[in-house]
1. Order 88-94, 42-48 from most to least packed using the mean count of other Cβ atoms within 10 Å.
2. Run the accessible area of segment 39-125 with a 1.4 Å probe and give the carbon-and-sulfur part as a rounded percent.
3. ³J(HN,Hα) across segment 70-76 via Karplus (A = 6.51, B = -1.76, C = 1.60, θ = phi - 60°), whole Hz, x for Gly/Pro?
4. Quick one: which residues, 5+ away or cross-chain, put their amide H under 5 Å from the amide H of A81? H built at 1.01 Å from N.
Amino acid sequence: MTTFEIASESEVILAATEDTTTTGGDAIEVDGCLELSFICCGTAAGNVTVSLLECDEEAGSYTAVAEEDVYGSFALSSANASTPGVGIIGYKGWKNYVKVAVDGTATALNVIALKTGCRHCPTDE
């Protein structure tokens, strides 16, 4: 019988230490994991929202993820100018690739993609 070890994998997909506005960071492949989460931490002098984009192909046209396929949210306001805001956005849709979209200008923003429940290392038992 073949079994698979359950693992997790993480990757920093957006790291900004100065003003930034982006319509999508690195594409994250969803295949092979049970859950895909984005851990966000940052500060801003104005309003900033982070949302998710999805597509079937890595180089295709990305569209906004439907509200029912996202859990959690992340937004910053001027109140976060000196105290970092932290949040998690989870993806539970069915597309093959997901990107992060940032609307606004953050003074510092880090986003880490965390895949959990990854299947790898097949072993025979």
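The values are calculated or read from the model by the stated rules, or taken from the named source; none is laboratory data. A quick note: this is a predicted structure, and the numbers were derived from the prediction, not measured. Virtual Cβ from ideal backbone geometry, glycine too; neighbours counted across all protein chains shown. These accessible areas exclude ligands, DNA and RNA; they are computed on the full protein's heavy atoms, side chains included. Shrake-Rupley method; radii C 1.70, N 1.55, O 1.52, S 1.80 Å.
1. So the peptides 88-94, 42-48, ranked by packing, come out 42-48, 88-94.
2. 52 percent
3. 10, 10, x, 7, 8, 8, 10
4. A44
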